[in-house]
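One structure is given below, encoded as structure tokens.
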Amino acid sequence: MSRLSLATLDLARSRPNVTMPPVDPAGQQVGILHLGIGAFHRAHQAVITQEAAAATGDTRWGICGVTQRSDTVARQLRPQDGLYGVLERSPEGTRLQLTGSVRDVLYPEAQQDELDARFDDPAVTVITLTVTEKGYRRAGNGRLDLTDPLVAADLASNPAAGRPVSAVGRLVRGLLLRSRGCGAPVTVLCCDNLNDNGTVVAGLVADFCAALPGAVGEPLAAWIEGNVSFPCSMVDRIVPATTAADRADGQALLGLADEGLVVAEPFRQWVIEDSFVAARPAWERAGAQLTKDVAPYELMKLRILNGSHSTLAYLGALAGYATIAETVGDERLLAVARGLITEDVIPVLQAPDGTDLAAYGEQVLHRYTNPALAHRTVQIAMDGSQKLPLRLLATVRDNERAGRQARWAARGVAAWMTYLASPTARTGMPLPVDDPLAARLTASVRGRTDAGGIVDALLAYPEIFGADLPDSAWFRAQLTEDVAELL
């Protein structure tokens, strides 16, 4: 079967349940450089950018995607001229949206010169990032981890001539080349699940600059201060990992092979702080919301959606459920997620203007029931050491400050602890640990069955729990009780 590309695109034009790109892909120039071109970006920001271009007729906003760790996405998309499908699954049916906003994909290990040229291109006025929480290489205090091997290697090399491998290292090198080259202002827009994410990235960039030799870092930091903005944003769309069955379904709909296919739910949301120092796409014409303050939206999503998602992932995996839809079919586990949202999160959360938090929470739980969206529990369970502080432990702390005990959030943390200790689920399903701290965490608790010992061992990680939570008597006692029950 022929493969999707510009040459074969017309073959899909008459296919039912297939939507063609709303603008001519070949007619778009690159105006956005994106670091971390995984499935989420392709199902979210790239789709909204395409629709914004269609709404305005503005052809300046093609995307050059940059792979972070391997050339897989480059091998998927370059032979397809950047084209790919978004397989949108819902209980009402499946449809395929063809997307053409990605106009180039670079693998820095082999194409550093091309990446350098994109950073220094004055036509590129927005740099976006989806590198996951762990990709920012932060230490326990939230600052850049200068001892991280990738960060240390980047700092040890010539920032203008080396080949950086960390996300922050690549970004700083690119900004350095731009400051010495075209000098044009640029906006860096983080689209990852981090509290105050734009401010976080600005701080990490400043930390990297401060660790460079003064003759390099100081003028660069000054240039960034005057020419780069770091807006915050909140993104939301459930995007499970693409399976062979998904690709077969996409091929049946399209009549062409598509190696870059991604899968998503119908729902999507993008809230962006309106703080840009250069031109940007009219994303609001495609449903994005521009606002002065993203924080309430960001916390709402992190605490309600991401917190309940992680809790359900660990509880569901322990029970042997392969997907979130199966997990919420268990009324006991659904009750934990609902309790987390209504009893722990909402009482200590500021609602964005015009938002009903209870209704939002019920909408989130309903989205989880989509049986057509096979979002795997063990996929969501990855990187817990990075995710829990934002998704659950912040809720625990806010409740403690309010004189309350976050009973259900503690249950979610206990489920993570039990997951780490348990090689398999009750059904025998393997429970893999995919985490930046995996070696240390599994050495501490894997295979143990003493609840108190498991809790003590994991609370001893200050980079996860800080110095305060291990001293909370009720929290330690509740974790021990819950882990014993879950074991």
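We did not get these values from a lab; they are worked out from the coordinates using the rules stated. Everything quoted here is computed from the prediction, not taken from an experiment. Backbone-built Cβ (ideal geometry, glycine too); neighbour counts: all protein chains shown.
When the Cα gyration tensor is reduced to axis lengths a ≥ b ≥ c, the ratio a/c is 1.5 or higher for the range 205-270, and with a/b above b/c it is classed as prolate.
Under the 0.36 nm per residue contour assumption, what length would be gained going from the current alpha-carbon distance of Arg69 and Gln405 to full extension? It would help to have the intermediate numbers written out before the result.
On the way: separation 336, 0.36 × 336 = 120.96 nm, distance 4.06 nm.
Extending this stretch completely gives an extra 116.9 nm.
If you rank Phe208, Phe119 by fewest surrounding Cβ atoms within 10 Å, what's the result? All intermediate terms of the calculation are to be shown ahead of the outcome.
Values: Phe208 27, Phe119 22.
In order of increasing Cβ crowding within 10 Å: Phe119, Phe208.
Ranked from highest to lowest mean number of other Cβ atoms within 10 Å per residue, what is the order of the peptides 418-427, 391-400, 328-337, 263-272? Don't skip to the end; give the middle numbers.
Values: 418-427: 18.7, 391-400: 22.9, 328-337: 16.5, 263-272: 20.2.
In descending order of packing, they fall as 391-400, 263-272, 418-427, 328-337.
Residues with beta-carbon under 12 Å from that of Ile380, excluding Ile380: net charge, scoring Lys, Arg +1 and Asp, Glu -1? Residues near Ile380 contribute +1 overall. In sequence order, the range 60-68 has phi-based couplings of 8, 10, x, 10, 9, x, 10, 7, 9 Hz under the Karplus curve 6.51 cos²θ - 1.76 cosθ + 1.60, θ = phi - 60°, and Gly or Pro positions carry x. Is the C-alpha gyration tensor of the chain telling us rounded, prolate or oblate? Criteria: a/c under 1.5 is rounded; beyond that, a/b larger than b/c is prolate, otherwise oblate. Oblate shape, in that a/c is at least 1.5 and b/c is the bigger or equal ratio. Here each label is just a point 7 Å from Cα along the line to Cβ, and for Arg332 and Leu146 those points are 5.0 nm apart. The distance from the alpha carbon centre of the range 333-354 to that of the range 93-125 is 38 Å, rounded to a whole number.
The alpha carbon centroids of the range 279-302 and the range 183-211 are separated by 17 Å.
How do the peptides 174-181, 90-97 rank, highest first, by the average count of neighbouring beta carbon atoms within 10 Å per residue?
Final packing ranking: 174-181, 90-97.
With a sphere of radius 14 Å drawn around the Cβ of Ala184, what net charge do the other residues whose Cβ falls strictly inside it have (Lys, Arg +1; Asp, Glu -1)? Taking every other residue near Ala184 into account, the sum is +3. Electrostatic bookkeeping for Ser422 treats Lys and Arg as +1 and Asp and Glu as -1; over the other residues with beta carbon under 11 Å from its beta carbon, the sum is +3. By the helix-only formula, in which each DSSP H run with n ≥ 4 contributes -39500 (n - 2.57) and the sum is divided by residues, the chain has a 222 nm mean residue ellipticity of -12500 deg cm²/dmol.
What length, rounded to one decimal in nm, is gained on full extension from Ala222 through to Glu481, with 0.36 nm per residue of separation minus their alpha-carbon distance? The partial results should precede the final answer.
Numbers: separation 259, 0.36 × 259 = 93.24 nm, distance 5.25 nm.
Here the answer is 88.0 nm.
Placing pseudo-labels 7 Å out from each Cα toward the beta carbon at Asp10 and Ala245 gives an inter-label distance of 3.7 nm. Taking other C-beta atoms within 10 angstrom as a stand-in for reagent exposure, Trp408, Trp223 fall in the order Trp223, Trp408, fewest first. Computed from label points 7 Å out along Cα-Cβ, the spacing between Thr427 and Met1 is 2.9 nm. Remark: the range 167-184, residue by residue, has Karplus-estimated 3J(HN,Hα) of 4, 5, x, 5, 5, 5, 4, x, 5, 4, 4, 5, 5, 8, x, 5, x, 6 Hz, where x stands for each Gly or Pro and the curve is 6.51 cos²θ - 1.76 cosθ + 1.60 at θ = phi - 60°.
So how do Lys301, Lys292, Lys134 line up by other beta-carbon neighbours within 10 Å, fewest first?
Taking fewest neighbouring Cβ atoms as first place, the list is Lys292, Lys134, Lys301.
Using a ≥ b ≥ c from the Cα gyration tensor of the range 295-486 (square roots of the eigenvalues), is it rounded, prolate or oblate, where a/c under 1.5 gives rounded and otherwise the larger of a/b and b/c decides, a/b for prolate? Oblate is the answer for the range 295-486, as a/c is 1.5 or above yet b/c matches or exceeds a/b. Protection proxy ranking of 153-165, 447-459, by the mean of other Cβ atoms within 10 Å over each peptide's residues and highest first, is 447-459, 153-165.
On the basis of the beta-carbon distance and an R0 of 41 Å, Arg448 and Asp468 show a calculated FRET efficiency of 0.95. Full extension of the chain between Gln289 and Ala351 gives 20.7 nm of extra length, using 0.36 nm per residue less the Cα-Cα distance.
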